[in-house]
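Values in this text are rule-based calculations from the coordinates and carry no lab data. Just so you know, these numbers come straight off a predicted model, no measurement behind them.
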Amino acid sequence: MLTISGNLRQWPLRRWVAGATAAVAVYIVVAIPTVLIPNSFFSREIPPTWWSYTALGISSLLTGLLVATYVASPITSTGSTNKSGVFASFLTFFAVGCPVCNKLVLLALGSSGAMTFFEPVQPVLAGISIGLLVWALLRRISQENACRVPVAS
């Protein structure tokens, strides 16, 4: 863990700016349609849970840090971290959203099914999202710290 924090201290300013911009953008893009930021464009039938703001904040921060690892990166892009990071950020939307306002959930489960089955699963979705983002971030940072091995011809 010491090498990871040391590596973060060595990041150039443009990585930090890109990460902060991405974190704010993710927070706004998810918070407006889920009405964690009150607005006149969207409505929410069920008030947000106490953990929704924290889960979104952590996910936004981790997504920002993950995006920053792609700015001026010495490593090539790996598909598995790209996919898990995007999937985890998308999963955050379902984790913090209103269970009966989500059209996909309503089509699949109906309103009573959304409250009975989907609402209790939302904290688990938030945990999975955060776990995937941590995994993708640690993997990207550890790849930056790895030594390059020349390919034998």
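For the stretch 83-97, backbone phi angles converted through the Karplus equation (6.51, -1.76, 1.60; θ = phi - 60°) give residue-by-residue couplings of 5, 5, x, 5, 4, 5, 5, 5, 5, 4, 4, 6, 5, 9, x Hz, Gly and Pro being listed as x.
Per-residue Karplus couplings for the stretch 111-118, computed as 6.51 cos²θ - 1.76 cosθ + 1.60 with θ equal to phi - 60°, are listed in order as 5, 6, x, 4, 6, 7, 9, 7 Hz, Gly and Pro entered as x.
Taking a ≥ b ≥ c as the square roots of the eigenvalues of the alpha-carbon gyration tensor, the stretch 27-72 is classed oblate because a/c is 1.5 or more while a/b is no larger than b/c.
Sequentially through the stretch 31-48, phi angles give Karplus couplings (6.51, -1.76, 1.60; θ = phi - 60°) of 6, 5, x, 8, 6, 6, 9, x, 8, 8, 7, 10, 10, 9, 6, 10, x, x Hz, Gly and Pro residues having no value and appearing as x.
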